[in-house]
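Here is the structure we will look at.
The numbers here are math on the coordinates, done by the rules we state, and not lab data. Owing to the predicted nature of the structure, the values given are computational and were not obtained by experimental measurement. We place every Cβ from the backbone using ideal geometry, glycine too, and count neighbours over all the protein chains shown.
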C-alpha cells in the first residue's frame, strides 16, 4: 500500500533558493531514477519566503525507507542542515485517491 509524506521545512533567512538548488542537485536525479518514489512535489510557501513543502508518495514503506537510507539523501542532508532553521515537520499519510499518479 502506498504511503505519503508531507514535509515542511523552514530555512535560515534568505536561504530557500540555495536549499532548493541543493535539492535539485542531490535529490531530484535520485527521485527521477527511483520507481518506488512515485510522486515528488517541491512547493515554495506563498506566505513565508523561508519555508517550503515537499509532498512525496512512495509505493510502500520499504521504498520510503530505502530512500531515507540512500547516499543521495545523506548528501543532501549533510549539505542543508546548516541552512535549516530547525527540524522539518514530517506528516505521514495514506493516500485514498489520487489523480495522475
- Contact order relative to length of region 3-93, as percent, for alpha carbon pairs under 8 angstrom and 6 or more apart: 50
- Could you please rank 26, 53, placing first whichever residue has the fewest other Cβ atoms within 10 Å of its Cβ? 53, 26
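Just rank 64, 81, fewest to most, by other beta-carbon atoms within 10 angstrom.
81, 64
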- Query: Among (i) 14.0; (ii) 13.7; (iii) 20.2, which is the computed Kirkwood radius over Cα pairs in Å?
  - Reply: (i)
- Query: At residue 83 and residue 70, where each label point lies 7 Å from the Cα along Cα→Cβ, what is the point-to-point distance in nanometres?
  - Reply: 1.8
- Query: Sorting 62, 46 on the 10 Å Cβ count, fewest up front, what's the list?
  - Reply: 46, 62
- So how far apart, in nm, are the two label points at residue 35 and residue 8 if each is 7 Å from Cα heading toward Cβ? 3.5
- Separation between the residue 55 and residue 18 pseudo-spin-labels, each 7 Å from Cα along Cα→Cβ, expressed in nm? 2.9
